[in-house]
1. Is it fair to say Gly92 is assigned by TED's automatic domain parsing to the domain that holds Asp245 and surrounded by fewer than 13 Cβ atoms within 10 Å (Cβ to Cβ)?
2. Kindly check whether there is at least one residue in region 14-28 that is on the phi > 0 side of the Ramachandran plot and more than 30 Å from the chain's Cα centre (by Cα).
3. Looking at (1) over 21 Å from the mean Cα position of the chain (by Cα); (2) surrounded by fewer than 20 Cβ atoms within 10 Å (Cβ to Cβ), which is the one condition that is false for Met84?
4. Run Tyr262 past the list (1) among the aromatic types (Phe, Trp, Tyr); (2) assigned by TED's automatic domain parsing to the domain that holds Glu128; (3) within 28 Å of Lys90 (Cα to Cα) and report the number of the one that doesn't hold.
5. In this structure, is Ala127 modelled with pLDDT of 95 or more, surrounded by fewer than 18 Cβ atoms within 10 Å (Cβ to Cβ) and part of a helix (DSSP H, G or I)?
6. What single numbered condition from (1) loosely packed, with under 15 Cβ neighbours inside 10 Å; (2) in a loop (DSSP other than H, G, I, E, B) fails to hold for Ser113?
7. Could you tell me whether region 108-121 includes any residue that is acidic (Asp, Glu), farther than 30 Å from Val293 by Cα, touching a residue at least 24 places away in the same chain (Cβ under 8 Å) and in contact with a Phe, Trp or Tyr (Cβ under 8 Å, 6 or more places away or on another chain)?
8. Can you tell which of Val107, Val70, Val55, Val136 is at pLDDT 95 or above and surrounded by fewer than 16 Cβ atoms within 10 Å (Cβ to Cβ)?
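The values are calculated or read from the model by the stated rules, or taken from the named source; none is laboratory data. Just so we're clear, the structure is a prediction, and the values are computed from it rather than from any experiment. Glycine gets a Cβ as well: all are built from the backbone with ideal geometry, and neighbour counts include every protein chain shown.
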Amino acid sequence: MERSQIDAVIERITSTEDPSKGSARVKEIVNRLTRDLFYAIEDLDIQPEEIWHAVDWMTNTGRSNEWGLVAAGIGLEHFLDLRMDEAEAKAGITGGTPRTIEGPLYVPGAPESVGYAELETEPEIGAERLYMQGQVKDQDGTPIPNAKVEVWHCNLKGMYSIFDTSQPPYNLRRSIITDSEGKYKFKSFLPVGYSCPPGGSTDQMLQALGRHGSRPAHIHFFVTAPGHRKLTTQINIEGDPLIWDDFAFATREDLVPHITRYSESEAKEKFGIDEPFASINFDFEVHKEKEGVFDAEIERTHGPR
């Protein structure tokens with residue numbers, strides 16, 4: 001079909017819309033995406049069987065609650081980050097801790113404490129102990145007291161609590177309110193990377209694209225403070241071989257902090273801690289809110305569906 005013929009089909013479809021009803025924005029988006037889809041079907045000669053296989057795949061993706069993984073895997077969530085970076089830069093907001101994807105596994109309501117938190121609800125056997133600490137600061141380097149640092153990561157099986165019901169609720173999920181000097185600290189362990197569910201919708205898609213569905217070890221963060229723009233970010237664990245080969249494209253410069261390791265004797269002598277541990281120092285730099293810039297608090301559904 002010629003483009004003019006496809007446009008005529010679209011016009012016939014859209015002519016059924018009542019201008020006084022519905023959402024003008026939804027109409028604009030759906031009609032544009034429908035037009036682009038029809039163009040792609042014609043340009044790529046996509047066959048009916050391929051369309052219906054895709055419909056089945058999308059249905060199964062929803063049933064298995066994997067759309068969040070698909071959004072990350074096709075680079076959509078990373079692209080949204082880049083657009084937000086561009087919009088902020090145009091408004092004069094630059095520098096600071098880089099944002100990166102939230103991913104689909106955040107759950108609100110984690111236990112809250114001031115200054116310090118222990119993330120484990122139950123001990124993780126065989127894990128390497130981690131202490132991570134730092135400050136929340138503004139772009140001028142001024143510490144921000146009473147900022148909230150929300151942190152979450154997976155266990156050594158690559159699973160996240162709430163979604164993984166074998167773990168206690170809110171295991172490895174905490175909210176830390178910074179102290180009077182803007183400091184935070186938590187005790188946990190170095191997590192591992194994880195892969196998409198084997199044989200699941202995301203895995204099927206990535207295999208068809210000749211790609212893998214694995215992520216490097218990482219720790220997620222939200223950082224919020226009154227009068228400041230919300231930061232959504234994560235750090236990668238230094239030394240992971242997939243740091244620059246993340247299926248979700250989430251690795252960014254300045255988000256791979258150095259790890260310092262202390263032996264049992266050093267831990268005891270220097271810190272009074274009775275076990276060897278890894279230490280990460282990391283400061284979060286957030287921006288003051290600015291009028292006329294998009295809201296960095298993104299409204300989306302969280303938790304199992």
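1. Details: assigned by TED's automatic domain parsing to the domain that holds Asp245: yes; surrounded by fewer than 13 Cβ atoms within 10 Å (Cβ to Cβ): yes.
Spelling it out, Gly92 is indeed assigned by TED's automatic domain parsing to the domain that holds Asp245 and surrounded by fewer than 13 Cβ atoms within 10 Å (Cβ to Cβ).
2. Taking region 14-28 as the starting set, the residues that turn out to be on the phi > 0 side of the Ramachandran plot are 22.
In the following step, the residues that additionally are more than 30 Å from the chain's Cα centre (by Cα) were identified as 22.
Looking through region 14-28, at least one residue is on the phi > 0 side of the Ramachandran plot and more than 30 Å from the chain's Cα centre (by Cα).
3. Answer for Met84: the failing condition is (1).
4. Of the numbered conditions (1) among the aromatic types (Phe, Trp, Tyr); (2) assigned by TED's automatic domain parsing to the domain that holds Glu128; (3) within 28 Å of Lys90 (Cα to Cα), the odd one out for Tyr262 is (3).
5. Details: modelled with pLDDT of 95 or more: yes; surrounded by fewer than 18 Cβ atoms within 10 Å (Cβ to Cβ): yes; part of a helix (DSSP H, G or I): no.
So Ala127 does not fit the description; no.
6. (2)
7. Looking only at region 108-121, we keep the residues that are acidic (Asp, Glu), and these are 112, 118, 120.
Now restrict to residues that are farther than 30 Å from Val293 by Cα: 118, 120.
Then drop every residue that is not touching a residue at least 24 places away in the same chain (Cβ under 8 Å), which leaves 118, 120.
Filter once more, so that each one left must be in contact with a Phe, Trp or Tyr (Cβ under 8 Å, 6 or more places away or on another chain): 118, 120.
Within region 108-121, one or more residues are acidic (Asp, Glu), farther than 30 Å from Val293 by Cα, touching a residue at least 24 places away in the same chain (Cβ under 8 Å) and in contact with a Phe, Trp or Tyr (Cβ under 8 Å, 6 or more places away or on another chain).
8. On the way: Val107 fails: surrounded by fewer than 16 Cβ atoms within 10 Å (Cβ to Cβ); Val70 fails: surrounded by fewer than 16 Cβ atoms within 10 Å (Cβ to Cβ); Val136 fails: surrounded by fewer than 16 Cβ atoms within 10 Å (Cβ to Cβ).
One residue alone meets the criteria, Val55.
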